[in-house]
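The values are calculated or read from the model by the stated rules, or taken from the named source; none is laboratory data. Computed from a prediction, not measured in an experiment: that's the story for all the values here. We place every Cβ from the backbone using ideal geometry, glycine too, and count neighbours over all the protein chains shown.
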Amino acid sequence: MRMGLPGGFPYFRCAYAVNCGITLDSIITDRDSRDTVGDAFFTKRNHAVTTRWTSILVVTSRYHVERTKEIFSLIYGSQYLIEVRGAPSIDTDQLRTSEIQSIETFKSTFQGITPGDDEAILTRLRERHPFI
């Protein structure tokens with residue numbers, strides 16, 4: 001994990017967060033995970049639990065907001081307040097179609113998992129997630 005403004009695409013999401021009034025020292029970007037599920041899992045495990053967060057703001061691409069909210073809500077559970085904001089980004093029919101398919105795949109993969117159940121989520125990640 002890195003604090004502050006990294007290079008590349010995450011830089012633009014960080015800049016958007018700063019423009020929304022979030023201070024740089026409050027921004028965490030993840031370079032360890034390989035996808036949004038990993039972002040949610042590792043930020044919860046490495047930061048939210050250890051620092052006792054009760055709410056988080058996730059900044060992502062506009063087309064990715066709905067899926068991000070779905071994923072973070074499942075991983076974090078109801079004990080956390082999750083807000084997802086969409087930074088300006090490209091938005092095409094192909095991206096929207098891909099997002100719809102990805103949401104369905106996520107729901108299928110994690111069907112039956114209680115939101116926030118870290119042990120069950122980790123087990124399911126190990127069994128069925130393509131990047132673990």
Quiz item: Out of curiosity, is Thr29 at negative phi, crowded, with 18+ Cβ neighbours inside 10 Å and either under 10 Å from the mean Cα position of the chain (by Cα) or aromatic (Phe, Trp, Tyr) (or both)?
Solution: no
Quiz item: Of all residues in segment 80-98, which are modelled with pLDDT of 95 or more and either assigned to a helix (DSSP H, G or I) or surrounded by fewer than 16 Cβ atoms within 10 Å (Cβ to Cβ) (or both)?
Solution: Leu81
Exercise. Consider only pairs whose beta carbons are under 8 Å apart and that are at least six residues apart or on different chains; among these, list those whose first residue lies in segment 101-118 and is assigned to a loop (DSSP other than H, G, I, E, B) and whose second residue is of a type in the set (Ser, Thr, Tyr) and modelled with pLDDT of 95 or more.
Key: Pro115/Ser73; Pro115/Tyr76; Pro115/Ser78; Gly116/Tyr76; Gly116/Ser78; Gly116/Tyr80
Self-check item: Residue selected from segment 99-119 under the condition touching a Phe, Trp or Tyr at 6+ places or on another chain (Cβ under 9 Å) and at negative phi, by the criterion modelled with the lowest pLDDT
Solution: Glu99
Quiz item: Out of segment 54-69, which residues are closer than 19 Å to Gln79 by Cβ and surrounded by 15 or more Cβ atoms within 10 Å (Cβ to Cβ)?
Solution: Ile56, Val58, Thr68, Lys69
Quiz item: Would you pick out the residues in segment 34-73 that are part of a loop (DSSP other than H, G, I, E, B) and within 22 Å of Thr114 (Cβ to Cβ)?
Solution: Asp35, Arg52, Trp53, Thr54
Practice problem: With the condition kept exactly as written, say whether any residue in segment 57-74 is in contact with a Lys or Arg (Cβ under 8 Å, 6 or more places away or on another chain), over 14 Å from Ala40 (Cα atoms) and charged (D, E, K, R). | Solution: no
